[in-house]
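Taken together, the values in this text are just the output of simple stated rules run on the coordinates, not laboratory data. On a predicted model such as this, the values are computed, not experimentally measured, just so you know. With ideal geometry, Cβ positions are generated from the backbone for all residues, glycine too; neighbour counts draw on all protein chains shown.
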Amino acid sequence: MADSSYLKWPFFEPHHARLAQSLDAWATKNIEHGHGSDVDAECRQLVKALGEAGWLRHAVAGKAYGGAGEQIDTRAICLIRETLARHSGLADFAFAMQGLGSGAISLAGTAEQKKRNLTRVAKGGAIAAFALSEPDAGSDVAAMACEATLDGDHYVINGEKTWISNGGIADIYVVFVRTGEAPGARGISALIVEAGTPGFEIAERIHVIAPHPLARLRFTNCRVPVSQRVGAAGEGFKVAMRTLDVFRTSVAAASLGFARRAMDEALHRVTTRKMFNGVLADFQLTQAKIAQMATQIDSAALLTYRAAWMRDQGENVTREAAMAKMTATENAQQVIDAAVQIWGGLGVVSEQPVERLYREIRALRIYEGATEVQQLIIGRDVIKNHS
């Protein structure tokens, strides 16, 4: 681990440092930096490997269901994502989606739902997905149109979801649908839909600049038992927001992992690139750029692990998670861009580490709440608390 000094910060307990160091050693031996041509197969293999090695236990809650603890340890989740992102964006994705995809079940599922689903997710035996966004309902979740109507002891789902990570390879989808108990956000429920359920299909596979499984889902008279509803009817929006509050901070941590890897690559370049009877690091402009990158990384890390620590103390962290997510993703974009510039022509060669990081960071400024949405959350909260 190139820089682990932050593990001594008071946000962490001794077991957190051991976790990060153990995972780093495991990832060094077991994860390839590049991606093959079959991203679906690689993602499935990563989920299996992470499950067999025990890392996915941290993504679910409840020791009886295979979890590492009774509650999700946000700091552990963040350290795992940061470490995996430093090694491989797809490995981070594989881990994160197991947690996000099953998060609603961890937070609000019944004992039977947890036993059936979380146990498999924790072992890497089932792949999970979180199906919230729609073609016309992304940042404005309450505008969703995908609906489910009651028919006896079943819900009948009709509509579409899009931008769904793990779409096409997941075994379990937690789908948020309009059930009509009240207008807007108060009339949304969460349902567990298993792959292969009649009336559920993958309408389109979506290809993006940093390849990972992504799809548009279609539901046509898809019947799901009421017993597969997660939480109470009409409480789905609250379940979704609680889930995002856990994992939004971890998006910041993944950004940190990308930024730290970019810094490692930049430091290697400036200390070995010969130029004008010296090396690139000898120039004051280079030193100034490295200083700026280091400060951006530390400022993001402080906000990220403050939010994670606060949540683990049982505090509401909606504002703090938004600050962490906004700052870490935006700072990481700048750090990685600087690393590409430092590498010069090699920095834009396909599949070079900094070129890959440049593609991988971009989506993090959008998903789980775009930067502009985080600004709204922060601004409204600051104003409300001033009143």
Inter-label distance, nm, simple model (7 Å from Cα along the C-beta direction), residue 384/residue 149: 3.5 nm
Anchor residue 29: lysines whose Cα lies under 17 Å away (excluding residues fewer than 8 positions away in-chain): 48
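Starting from the coordinates of the alpha-carbon atoms of the chain, obtain the Kirkwood hydrodynamic radius over all distinct pairs and give the value in Å to one decimal. Don't jump to the answer; show the numbers that get you there.
Numbers: mean 1/r = 0.0468 Å⁻¹.
Value: 21.4 Å, from the Cα pair sum.
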Segment 219-296: Rg to Rh, with Rh as the Kirkwood radius over Cα pairs: 1.42
Positive-end residue of 177, 74, 149, charge dipole of segment 69-217 with Cβ unit charges: 74
Peptide ranges 374-383, 55-64, 253-262 listed from the most packed, as the mean C-beta count within 10 angstrom indicates: 253-262, 55-64, 374-383
About the Cα centre, charge dipole magnitude for the chain (Lys/Arg +1, Asp/Glu -1 at Cβ), debye: 540 debye
Taking the chain and dividing mean pair separation by its residue count, relative contact order in percent (alpha carbons under 8 Å, at least six apart): 15 percent
Positive dipole terminus of segment 230-325, leading residue within 294, 310, 234 (C-beta point charges): 294
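With +1 assigned to the C-beta of every Lys and Arg and -1 to the C-beta of every Asp and Glu, and no other charges, what is the dipole magnitude of segment 324-387 about the Cα centre in debye, to the nearest 20? Spell out each step's value before the answer.
Details: 7 positive and 8 negative charges, 39 e Å.
The dipole magnitude comes to about 180 debye.
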Distance (nanometres) between label positions extended 7 Å along Cα→Cβ at residue 201 and residue 350: 3.3 nm
Per residue Cα convex hull volume in Å³ - calculated over segment 56-174: 123 Å³
Span-rule helices in the chain, defined as complete DSSP H runs reaching 15 Å or more along the axis (Cα) with Kyte mean at least 1.0: 89-108
Rg ratio (alpha-carbon, reference 2.2 N^0.38 Å) - segment 167-244: 1.18
Inter-label distance for residue 232 and residue 15, nm, one decimal - labels placed 7 Å from Cα along Cα-to-Cβ: 3.3 nm
